[in-house]
Amino acid sequence: MKTKKFNSWLKQITTEYPLMIAGPCSAETEEQVLETAKNMKDKRIQVFRAGVWKPRTRPGSFEGVGEKALPWLKRVKEETGMKIAIEIANAQHAALALKYDIDLLWIGARTSVNPFAVQEIADAIKGTHKTILIKNPINPDLSLWIGAVERFYQVGIENLGVIHRGFSTFRPGSYRNEPNWQIALDFKRQYPDIPMIIDPSHICGRRDCIYDISQMALDLQYQGFMIETHINPNEAWSDAKQQVTPKNLLRIIDRLCLRKQSFIDPEAIDKLEFYRQNINQLDEELLEILSERMKYAQEIGRIKQEKNVAVLQTARWEQIVQKVLTLGRKKELSEKFIHRIFKAIHQESIEKQEKILKK
Ligand code: PEP
Ligand code: MN
């Protein structure tokens, strides 16, 4: 994908602020939509979102009011000047969104996992200049996310952006959907010209961490936000726990701290250069040490092969884990980090030994 022109739509919507897309999870009634929108009127909020068709996990829950809501959104646009964004999940939704001249269309996380659905939508909107925002698929699969973007690119759509809404896990932890920042950063590294928008509402699943996730995204140079906002969140027909009031949304925006894109102060640049050289040096040493460690692991692999002993020795592995956790704690390295690093090192040793045993 040649992604140079991808962010031109963003510049047309906003030059001064990060993009802010906000509005209710679902359009429920005309009054709820208009009340929410009127209370959000602020030059820092450029786009009003509302779900019209809702992909629900189980049947029987509220599935959106459908086409009926589209004229309500038209009223929002006329009365507040905000652009409008809705989710589309099939060709029929796409046709209706075009008919009602919706400005931005997003592909939900449950749709971007499905290449057939994505292709069907891409074919249905071929030739439009609408902006298409593609949410990450619910499972942590970078290629699937990129693949969905490519399907739109292939039919000639260049006004593209992506939304990072987190990834579902078997056992939810502190987030409803794990951010897995690394996946979004990998996307940004491969396609730096495709605007990346954070959806802290679906990552958090609750209102109290929306600010923190939003600030983190700003610090990582994301270009915009999508934040679920409802005139009366506790009474919302979907995602009640994670929606904020328009007033609280404005408070969150006030508190967000914009960072400069890069350093300009010469003294800071000098210091930075010094620390970065040290880091580069240490990275080289780390690689040296890792390579030496692997050589010993391979020697052990040769003995295991000779004596026909299994590669995995759980007691030994447990001993290593306990030792490095204790040492790591003293050095103020988090348990999570130590676990991650040593699991990766152990995995590499196992793979190297396995190769020897197979010979
Ligand atoms: C939504 O934005 O309301 C929504 C359904 O999001 P997701 O596709 O991220 O679950
Ligand atoms: Mn929602």
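The values are calculated or read from the model by the stated rules, or taken from the named source; none is laboratory data. What you see is a predicted model, and the numbers here were worked out from it, not measured in a lab. FYI the Cβ positions are ideal-geometry reconstructions off the backbone, even for glycines, and counts take in every protein chain you see. All accessible areas refer to the heavy atoms of the entire protein, side chains included, with ligands and DNA or RNA removed. Shrake-Rupley method; radii C 1.70, N 1.55, O 1.52, S 1.80 Å.
Before moving on, here are some points about what is shown:
- Single residue of region 301-323 satisfying the filter (more than 42 Å from the chain's Cα centre (by Cα) and aliphatic (A, V, I, L, M)) that is most open to solvent (accessible area, probe 1.4 Å): Ile303
- Considering residues of region 70-101 that are over 18 Å from Ile163 (Cα atoms) and outside any helix (DSSP H, G or I) only, the residue farthest from ligand 1 (Cβ to nearest atom): Gly81
- Among the candidates Glu35, Glu30, residue that is more than 16 Å from ligand 2 (Cβ to nearest atom), closer than 25 Å to Gln242 by Cα and touching a residue at least 60 places away in the same chain (Cβ under 8 Å): Glu35
- Among the residues making up region 235-266, a single one is more than 16 Å from ligand 2 (Cβ to nearest atom) and under 21 Å from Asn177 (Cα atoms): Ile252.
- Among residues of region 224-242 that are within 12 Å of ligand 1 (Cβ to nearest atom), those with a Cβ under 8 angstrom from a residue that is in a strand (DSSP E or B) and among the basic types (Lys, Arg), sequence gap 6+ or separate chain, pair up as Met226/Arg49; Glu228/Arg49.
- Among residues of region 234-251, those that are out of contact with any Cys (no Cβ under 9 Å at 6 or more places or on another chain) and within 15 Å of Arg49 (Cα to Cα), counted: 4
- Residue tally, condition charged (D, E, K, R) and open to solvent by less than 30 Å² (accessible area, probe 1.4 Å), over region 103-162: 2
- Of the listed requirements (1) touching a His at 6+ places or on another chain (Cβ under 7 Å); (2) within 16 Å of ligand 2 (Cβ to nearest atom), Ile210 misses just one: (1).
- Residues considered: Pro55, Pro59, Pro71. Of these, the only one that is out of contact with any Cys (no Cβ under 9 Å at 6 or more places or on another chain) and free of Cβ contacts under 8 Å to residues at least 24 places away in the same chain is Pro59.
- For region 1-17, the set of residues classified as farther than 23 Å from Asp42 by Cα and either aliphatic (A, V, I, L, M) or in contact with a strand residue (DSSP E or B) (Cβ under 7 Å, 6 or more places away or on another chain) (or both) consists of Met1, Phe6, listed by residue number.
- Counting only helices (runs of 4 or more DSSP H) wholly contained in region 183-295, the ones carrying 1 or more residues that are open to solvent by 90 Å² or more (accessible area, probe 1.4 Å) occupy 210-219, 246-255.
- Complete set of residues in region 39-59 that are open to solvent by 40 Å² or more (accessible area, probe 1.4 Å) and under 17 Å from Ile231 (Cα atoms): Asn39, Lys41, Asp42
- Selection within region 46-69: residues that are within 15 Å of ligand 2 (Cβ to nearest atom) and of a type in the set (Gly, Ala, Ser). The member of this set that is nearest to Met82 (Cα to Cα) is Ala50.
- Taking the listed residues Glu67, Glu16, the one that is of a type outside the set (Phe, Trp, Tyr) and either within 15 Å of ligand 1 (Cβ to nearest atom) or modelled with pLDDT of 95 or more (or both) is Glu67, with no other qualifying.
- For region 168-182, the set of residues classified as open to solvent by 70 Å² or more (accessible area, probe 1.4 Å) and either assigned to a loop (DSSP other than H, G, I, E, B) or closer than 15 Å to Lys135 by Cβ (or both) consists of Phe170, Arg171, Pro172, Ser174, Arg176, listed by residue number.
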